[in-house]
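The values are calculated or read from the model by the stated rules, or taken from the named source; none is laboratory data. For clarity, every value in this text was computed on a predicted model and none was experimentally measured. Note: ideal-geometry Cβ built from the backbone for every residue, glycine included; neighbour counts use all protein chains shown.
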Amino acid sequence: MKLERRSLAAALVHLERGDWRAAHEIVQKDEDSPLACWAHGIVHLMEGDVSNARYWYREAQRVFPASPSIKEEIKALRAEAKMGSDPNYHN
């Protein structure tokens, strides 16, 4: 099932806030969309499950970064999804 734009936006907010569990609940519903798969990979990076993160990056057809920065990955995902930054997110 392809995620609606608002669902992906909600997952991004959860990722930005460090709530990978809430983001996972959303993104695991879409195993086909490259953006959802990328977000799913970021979830597993945050969780510390690098092998699972690599799997989801492959599903997203993205190169797994040599030295992944979760903050930069989230920023890049938001840019690619063409969703402006969350005004409530402060890092």
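Could you check, for the range 19-31, whether at least one of its residues is crowded, with 20+ Cβ neighbours inside 10 Å and at pLDDT below 95? Checked against the condition, which is being crowded, with 20+ Cβ neighbours inside 10 Å and at pLDDT below 95, the range 19-31 yields at least one hit. Of everything listed in (1) assigned to a loop (DSSP other than H, G, I, E, B); (2) in contact (Cβ under 8 Å) with a residue 24 or more places away in the chain, the single unmet condition for Ala66 is (2).
Out of His14, His40, one residue alone is assigned to a helix (DSSP H, G or I), of a type outside the set (Lys, Arg) and touching an Asp or Glu at 6+ places or on another chain (Cβ under 8 Å). It is His40.
Regarding Ala53, is this residue within 19 Å of Ala79 (Cβ to Cβ) and either part of a helix (DSSP H, G or I) or in contact with a strand residue (DSSP E or B) (Cβ under 7 Å, 6 or more places away or on another chain) (or both)? The answer is no for Ala53. Contact map, the range 38-51: residues that are in contact (Cβ under 8 Å) with a residue 12 or more places away in the chain paired with residues that are part of a helix (DSSP H, G or I) and small (Gly, Ala, Ser), Cβ distance under 6 Å, separation 6+ or inter-chain. Pairs shown: Ala39/Ala11; Gly41/Ala53; Val43/Ala23; His44/Ala53; Leu45/Ala53. If the condition is being under 15 Å from Asp19 (Cα atoms) and either among the charged types (D, E, K, R) or at pLDDT 85 or above (or both), then the range 74-91 contributes Ile74, Asp86.
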